[in-house]
Structures are given as structure tokens and as C-alpha cells.
Amino acid sequence: MARVDLTVLIPVLNERDNLAVLLPRLARVLGQLACTSEVVVVDGGSGDGTAETAAELGARVVVQREPGYGGALREGFAAAAGEFVLTLDADLSHDPDFIAKLWRARDQADIVIASRYAKGGVAFMPWERRLLSGVLNRFFAIGLGLPVRDMSSGFRLHRRAALADLKLSGRNFEIIEEVLVKAYAAGWRVLELPFTYFPRHRGSSHARIVRFGIDLLKAFGRLWGLRNSIESADYDERAFYSRIPLQRYWQRERHRIITGMARGQGRVLDVGCGSSIILQSLNDAIGLDVQLNKLRYMRRYGVPLVQGSVMALPVRTASVDCVVCSQVIEHIPDEPAIFDELTRVLRPGGLLILGTPDYATIGWRVIEPLYGLAAPGGYKDEHITHYTFASLRERAERHGYDLIDSAYVCRSELIMALRKRATVAARSGSGRPLPIAAAAALRSGDAA
Ligand SMILES: Nc1nc2c(ncn2[C@@H]2O[C@H](COP(=O)(O)OP(=O)(O)OP(=O)(O)O)[C@@H](O)[C@H]2O)c(=O)[nH]1
Ligand SMILES: [Mg+2]
């Protein structure tokens, strides 16, 4: 089958007269884009000849099995062949000429929204609908921590890869918010282009305001759980900007200590970078994480990124000056491979900055159970290896490090700065011991 660049997906229910105007206009617009395209009309069982009109005008018609706009979108996504999938309403509220603008912006993001509420956007609609739509959008944006002004716009261009694993469940219009929130949580980039919305051209509305409100609130509850779990790609970044004073302070203290220790150390490898602002703050750093969604999210900071595990780092032996490994080792079993790998990639004389809760502190012993209660989806349940200052120091020294500095976040999360001895060869690498003079020269660059 020939490659399709763009699928235009139109959910329809009794929209014959509108389609008769829309589809010829759409064909003209698509003809002007330098791409291959298809038009898929998903019919929810119209009784007015909508499907026949769509087929006559050259669209591929998919007859929807599940009811509702949500079912239409899900089946449409499954049927779409294009690398990009554009959704729009059939009622001419969504001007097809705007598609060219969306298409031109396709490389700037993974989902591009025709946005009524971005600066420059306009919504011509009855005031009470405008008010309701505005309130719901702000509620979603603030409650779910998404920097998006128009989450309920059904006029969007999606990269199909961004839709692939979303596991959508919305039955009605709430699926529009669901797609956006889940894609954002999977680390995909979202962009809004200002757009002017007009009321429907012909026919009657399918929106049932009360029903829509209830569906939307239920969806909010489900999505809230996702947004506040570590599954969300931007979990660490959100914590840095948290409205909860302790969480915000904690993140910022960790950030201050680690960036202070790593500053001026040369090339840094941040192992288990997540979506932490630390990676952004280190100006010569490579981010490494096992989770693809976090790396996807971090693309916005323009930092080199690599997927990999701390057990087998995809990094050359003795190739970095500094390794940051914060909030990682408590999440994985206590295996010698961890220290061996961190040590292997670090050059002799390089700096290892290791952070983990200190289970010997009263602070952490009190805070962890409280944190577990306050944030059931958070990190607490995932802490499987418990270190203390003494146990970590002993391990580091055994692997050829000298402790040169240490600090605590709230007297409970320990951060150690460990200098790899210049005379000790990497355990599993090929590094030979450096002569003393060379080691001293390397040390003279220390910022600690
Ligand atoms: N396949 C399918 N399409 C639907 C269904 N409900 C609505 N649609 C289509 O989805 C698009 C948006 O629906 P609209 O009725 O315009 O909803 P709205 O824009 O919120 O409200 P108005 O513009 O005021 O009517 C239109 O193209 C409808 O034909 C459905 O159950 N199945
Ligand atoms: Mg409409």
C-alpha cells in the first residue's frame, strides 16, 4: 500500500448538508499540501444519507460499532493509515483552510491544536457556552497541571505515533481531553495555534451539556490519578514547581546541592535523569533513563538523551568527567553491577554524585510513611533498597572512591560527592591506572 502522510478523520452524525460543503473544500486544501492524504469519515449511524454523500464525494466511510463521539474517534484512529492524523468536526465550525497552518507546524510538536483560547484565538459562540467551556478548560489545565489553554478543541493534528499506546476509554466528547492528557503524560509535545471558531453551519448539535459535564468530571478523576503518578513523564518537573511547599522546597534543595557539586566538572552523565530540572541546569550533560516517556518529554530542553539502564550503561568506558545518579539506587535491587557500571564510565579522577534517602536518619524514617500516605501513587512504594551514610560510604570506598563532600536535603536525603581515585582502574573496563602526575593534573580542576 502506498504511504499516506495525512489522514483527515471526520466523526459524523447526520451531517449530510455540511459534508456536501466541507468535503469539496477539504479536497482543495489537501490538494495544495505537498503530501499524500486520505479522508476517513466515521459515521455513527446517520439516518439522513450522510454516509452515501461522504462516499460519493470520495471519502472512505467507516461505520462505527460503538456509540458516541469517543467510539468514533477510537475506531477512526485504528482505521487511519497516515503518519499524521487530523481530526475535525463536520459542521464547518472548523474551517478546513486552517489545516494548512496546522500542517506547517507539524514538526514543532506531536499534537498541534487549533486553539480558541491561545492568544490570538477567538471563539464565536453563545456567551453561556463560552463561559462553560472557559471554566472547564481552566479547571482541567490547573487541576491536571497542563500548560494548554484549549484542551477541548476537537480540531487537531496528531502524530500517529503519539496516539499508539494511549489506551483510550472515553465514550463521548471527554475523549478529546483524554487524548491530550494521556499523550502529554507519555511525554509528547503539544503546541497551540490561535484559531477562530464559528458556530455550526447547518443541522443540530449533538452536545448534551449536563451529560457532557458529568462525563468530563468522571474523566477528570481518572486522569488526575495518572497525572499525579510517577507514570507521568513530567512528574519530576512538576514537583519542582509544586504548589505543596515541602515538595517544592525538597526538589529545589536537591537541585541546588547537585548542580552546585556538578558545576564546572566537565561532561556530566545524569543516570536516571527522569524529567528533573537538574539535567536542564547542567550545561554539558547527557541524560539517561530507562523510561522512554521521560526522555521524550525532555527533548524540549535540547539536551542529548539516551535510553538505557544503570545495570548496563550504553556509554564508553572512562568517557565522562562526572556522573550524577540521584533517586535511582533505592529503586533497584542492591547489585554490584550498579557501582561497577557507574565506575566504569567515569574517568579516573572523575566525580560521582550519588543521592539516595538515608534510612538511618530520623527525618527520613518519619517522612517516608507520611509521604506514602499523602502520595499513594508516588515513589514511596518503589523504594526497595535502603541505604545509610555508613553503608554507602563503605561501598563507595570499596569501589575506589574518596568521599569529598556530602549534604542532606531536609536532613534525610543524602547526597555524596565521591572522587574516583585516579590510580584505581575501572573494575570491568579497560582503563589502566593513570600516572600520579596526570591524576594530580586532573584533580587541580576540582570545583569541590
Ligand atoms: N460518528 C459520530 N460522530 C459524532 C457523534 N456525536 C457527534 N458527532 C460528530 O462530531 C462532531 C462534533 O459534534 P457537534 O454536534 O458539532 O458538537 P459541538 O461542536 O460540541 O456542538 P455544536 O457545534 O453546537 O453542535 C460533528 O461532526 C458531529 O457530527 C457520534 O456519536 N458519532
Ligand atoms: Mg460543532
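Odds and ends about this structure:
- Residue in region 111-134 that is without any contact (Cβ under 8 Å) to a residue 40 or more places away in the chain and more than 16 Å from ligand 1 (Cβ to nearest atom) present: no
- Test: residue in region 251-270 that is surrounded by 23 or more Cβ atoms within 10 Å (Cβ to Cβ), farther than 25 Å from Ile142 by Cβ and under 19 Å from the mean Cα position of the chain (by Cα): yes
- Residues of region 327-347 classified as part of a strand (DSSP E or B) and either surrounded by fewer than 23 Cβ atoms within 10 Å (Cβ to Cβ) or at positive phi (or both), total: 1
- Qualifying residue in region 233-252 (condition: of a type in the set (Lys, Arg) and assigned to a loop (DSSP other than H, G, I, E, B)): yes
- Residue count, region 56-98 (criterion: hydrophobic (A, V, I, L, M, F, W, C) and in contact with a Phe, Trp or Tyr (Cβ under 9 Å, 6 or more places away or on another chain)): 6
- Note on region 1-82: enclosed strands (runs of 3 or more DSSP E) holding 3 or more residues that are touching an Asp or Glu at 6+ places or on another chain (Cβ under 8 Å) and buried (at least 21 other Cβ atoms within 10 Å of the Cβ) are 6-12.
Table: residues versus (1) aromatic (Phe, Trp, Tyr); (2) modelled with pLDDT under 70; (3) open to solvent by less than 50 Å² (accessible area, probe 1.4 Å); (4) part of a helix (DSSP H, G or I).
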| residue | (1), (2), (3), (4) |
| --- | --- |
| Gly378 | no, yes, yes, no |
| Ala390 | no, no, no, yes |
| Glu394 | no, no, no, yes |
| Ala407 | no, no, yes, no |
| Leu414 | no, no, yes, no |
| Thr423 | no, no, no, no |
| Gly429 | no, yes, yes, no |
| Ala437 | no, yes, no, yes |
| Asp446 | no, yes, no, no |
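- Residues being among the polar types (S, T, N, Q) and within 9 Å of ligand 2 (Cβ to nearest atom) - total across region 195-222: 1
- Residue in region 30-40 that is at pLDDT 95 or above and under 23 Å from His206 (Cβ atoms) present: yes
- Reported count of residues in region 276-300, each being under 21 Å from Ile257 (Cα atoms) and open to solvent by 30 Å² or more (accessible area, probe 1.4 Å), is 5.
- Residues of region 110-136 that turn out to be under 30 Å from Ile244 (Cα atoms) and out of contact with any helix residue (DSSP H, G or I) (no Cβ under 9 Å at 6 or more places or on another chain), as a count: 6
- In the condition set (1) open to solvent by 60 Å² or more (accessible area, probe 1.4 Å); (2) within 16 Å of ligand 1 (Cβ to nearest atom), Glu174 is compliant with all but (1).
- So Phe139, is it in contact (Cβ under 8 Å) with a residue 60 or more places away in the chain, within 22 Å of the chain's Cα centre (by Cα) and either open to solvent by less than 20 Å² (accessible area, probe 1.4 Å) or more than 11 Å from ligand 1 (Cβ to nearest atom) (or both): yes
- Filter pass, Val210 being surrounded by 19 or more Cβ atoms within 10 Å (Cβ to Cβ) and either part of a helix (DSSP H, G or I) or out of contact with any helix residue (DSSP H, G or I) (no Cβ under 9 Å at 6 or more places or on another chain) (or both): no
- You will find that of Ala164, Ala185, the residue that is surrounded by fewer than 16 Cβ atoms within 10 Å (Cβ to Cβ), away from ligand 1 (no atom under 15 Å from the Cβ) and small (Gly, Ala, Ser) is Ala164 and no other.
- Residue within region 78-86 that is under 29 Å from Ala123 (Cα atoms) and out of contact with any helix residue (DSSP H, G or I) (no Cβ under 7 Å at 6 or more places or on another chain) present: no
- Matching residues in region 83-136 - criterion: being hydrophobic (A, V, I, L, M, F, W, C), open to solvent by 10 Å² or more (accessible area, probe 1.4 Å) and assigned to a helix (DSSP H, G or I): Phe98, Ala100, Trp103, Trp127, Leu131, Leu132, Val135, Leu136
The values are calculated or read from the model by the stated rules, or taken from the named source; none is laboratory data. Keep in mind it's a predicted model, so treat the numbers as computed, not measured. Note that we place each Cβ from the backbone using ideal geometry, even for glycine, and neighbour counts take in every protein chain shown. These area figures cover heavy atoms from the full protein model, side chains too; ligands, DNA and RNA do not enter into them. Shrake-Rupley method; radii C 1.70, N 1.55, O 1.52, S 1.80 Å.
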